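J.: Supplied in structure tokens, the structure appears directly below.
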Amino acid sequence: MRAISRLPLILVFLAPVISPAQEVRIREKAVTLLEHANSISTPHEFAGYEQVITFQSFSPSGSQSGRFTSVVHGPRSYRDEYEFGDFDLLVVVNGSLIADVGDRAKAPLEVRRMTRLNRPYTARFDQSDIIRSIQDSEVNGRPAHCLEFDTVVGEKSAANEICIDAQLGVVLRAHANNETITNSDFFAYRDTYLPAHITYEQTDLRMELEQTKKEIEGPFDPDFLTPPPNATVGKVCTTYRRPFGQVMTQPKPGSGSQKVDVMLHGTVRTDGRIRSVSVDRSDRPDLNQEAIKLFSTWQFSPAICDGRAIEVPADVTLHFEGR
């Protein structure tokens, strides 16, 4: 907004008054639209498929290209391959067997974001979400119902938006949690529609994804699920217990007025300590090393898979008060 001090006018904007009954109707309609979008985002019946995602990332450090391929024969029969810069990972799952070539704990932020974007976007409203309005709009030339809402947590309030395709019923764009996901160029896949193009934006990271997905026809080659000789072989968990924090020292408050968040990624080892810490997002780069050092001191009871300790990834956000 630009202030104009020379005009001798005082403009007063009055927000429209919304009655409690109207608020209830708006929320009910918004919940119905979002629940319908969630229900049709994933095919209801499984079929074997081949998927290819090519993606490009743009950040202050430069741009990089990546590729993900997945050949899936069943829920526990698939072969996934990841390529991004110097990072390569092969994952083969065949029944109770799981085999890796590469260290998935060292997957860069861009690969982890691509993996999340590969899953259809779904969301739920809760009591922290205040629905403001439902606006008829357009996203990339397609008619849309845009749900405008505020998420209030403590003293923080964020203005968010989810736009749903008026014809297909799927999510076209979502702006929440300081990130924006835009889906476009939809194609039919079984009983739903998938975006051929996905754009992701969060602070100084932008990603462009292109995907294809088609059902597999004809016989499936079982040798495709045979792990390479250099793979690390394990078993898929039938019972799992997540890690629990035991020592989680928080940043010491400062004397300033700013509240700063630093998002970190690491791996909880089998002894409960942290390895391979990296910064995912930071409001203040000068606090990054302090955040990394602090997170590296955390200790957990390790994750347990079928009675044995295993390594698992961990994402945390450190809150710096008064910095």
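J.: Taking the simple approach of a point 7 Å from Cα along Cα-to-Cβ for both Glu81 and Arg190, what is their distance in nm?
T.: Rounded to a tenth, the inter-label distance reads 2.4 nm.
J.: How many angstrom lie between the Cα centre of the range 293-320 and the Cα centre of the range 72-94?
T.: 24 Å
J.: Continuing with the same structure: When a footprinting reagent is the concern and you count Cβ atoms within 10 Å, what order do Lys214, Lys106 take, fewest first? Each step should come with its number before you reach the end.
T.: Details: Lys214 11, Lys106 16.
Listed from fewest to most nearby Cβ atoms, that is Lys214, Lys106.
J.: Using alpha carbon coordinates only, what is the Rg to Rh ratio of the chain, with Rh defined as the Kirkwood radius?
T.: Values: Rg = 23.0 Å, Rh = 22.9 Å.
Rounded to two decimals, Rg/Rh equals 1.00.
J.: Want the number for Asp103 to Thr54: 0.36 nm per residue separation, take away the alpha-carbon distance, what's left? Spell out each step's value before the answer.
T.: Working: separation 49, 0.36 × 49 = 17.64 nm, distance 2.07 nm.
Length gained, Asp103 through Thr54: 15.6 nm.
J.: Mind checking Rg over Rh on the range 240-321, alpha carbons, Kirkwood formula for Rh? Mind showing how you got there, number by number?
T.: Values: Rg = 13.8 Å, Rh = 13.3 Å.
Radius of gyration relative to Kirkwood radius: 1.04.
J.: Take a quick pass over the chain and tell me how many lysine pairs come in under 21 angstrom between Cα atoms, counting only ones 8 or more apart or on separate chains. Each step should come with its number before you reach the end.
T.: Details: Lys106/Lys235; Lys106/Lys293; Lys156/Lys252; Lys156/Lys259; Lys252/Lys293; Lys259/Lys293.
Pairs that pass both the separation and distance tests number 6.
J.: Where does each of 170-177, 279-286 land if you order them by average Cβ count within 10 Å, highest first?
T.: 170-177, 279-286
J.: Still on this structure, I have one more. Points 7 angstrom from Cα along the Cβ direction at Glu179 and Val31: gap in nanometres?
T.: So the label points at Glu179 and Val31 sit 2.7 nm apart.
J.: In sequence order, what are the phi-derived ³J(HN,Hα) couplings for the range 118-133 according to the Karplus relation 6.51 cos²θ - 1.76 cosθ + 1.60 with θ = phi - 60°, rounded to whole Hz, with x for glycine and proline?
T.: Residue by residue, the range 118-133 yields 5, 8, x, 6, 9, 8, 9, 7, 10, 5, 7, 9, 10, 6, 8, 6 Hz.
J.: Right, another one. Per q in 0.14, 0.16, 0.17, 0.19 Å⁻¹, report the Debye log10 I(q)/I(0) for the range 114-222, using one uniform scatterer on each alpha carbon and no solvent.
T.: Evaluating at q = 0.14, 0.16, 0.17, 0.19 Å⁻¹ gives log10 I(q)/I(0) of -0.64, -0.79, -0.88, -1.04.
J.: What whole-number distance in Å separates the alpha-carbon centres of the range 114-142 and the range 177-205?
T.: The distance from the Cα centre of the range 114-142 to that of the range 177-205 comes to 11 Å.
J.: Also, quick follow-up: If we sort 292-301, 219-228 on the protection proxy, mean other Cβ atoms within 10 Å, highest first, what's the order?
T.: Numbers: 292-301: 16.5, 219-228: 12.1.
For the peptides 292-301, 219-228, the packing ranking is 292-301, 219-228.
J.: For Thr212 and Arg116, compute 0.36 nm times the residue count separating them, minus their Cα-Cα distance, and round to one decimal in nm. It would help to have the intermediate numbers written out before the result.
T.: Numbers: separation 96, 0.36 × 96 = 34.56 nm, distance 1.62 nm.
Residue separation times 0.36 nm, minus the Cα-Cα distance, leaves 32.9 nm.
J.: I've got another one for you. If each residue of separation counts as 0.36 nm, what is the full-extension length gain between Ser278 and Glu45 once their alpha-carbon separation is subtracted? Display every interim value, and only then the final one.
T.: On the way: separation 233, 0.36 × 233 = 83.88 nm, distance 3.82 nm.
Additional length available on full extension: 80.1 nm.
J.: Next question. Output wanted: per-residue J couplings in Hz (rounded whole) for the range 152-166, from phi through Karplus 6.51 cos²θ - 1.76 cosθ + 1.60, θ = phi - 60°, x for Gly and Pro.
T.: 10, 10, x, 8, 9, 9, 10, 8, 10, 8, 10, 9, 10, 4, 5
J.: Please work out the FRET efficiency for the pair Ile130 and Ser301, using the Cβ-Cβ distance as r and a Förster radius of 30 Å; give the result to the nearest 0.05.
T.: Working: r = 38 Å, r/R0 = 1.26.
Computed FRET efficiency for Ile130 and Ser301: 0.20.
No lab work stands behind these numbers, since they all come straight from the coordinates. Since the structure is predicted, the reported quantities are computational estimates derived from the model, not experimental observations. For neighbour counting, all protein chains shown are included, and Cβ atoms are generated from backbone atoms with ideal geometry for every residue, glycine included.
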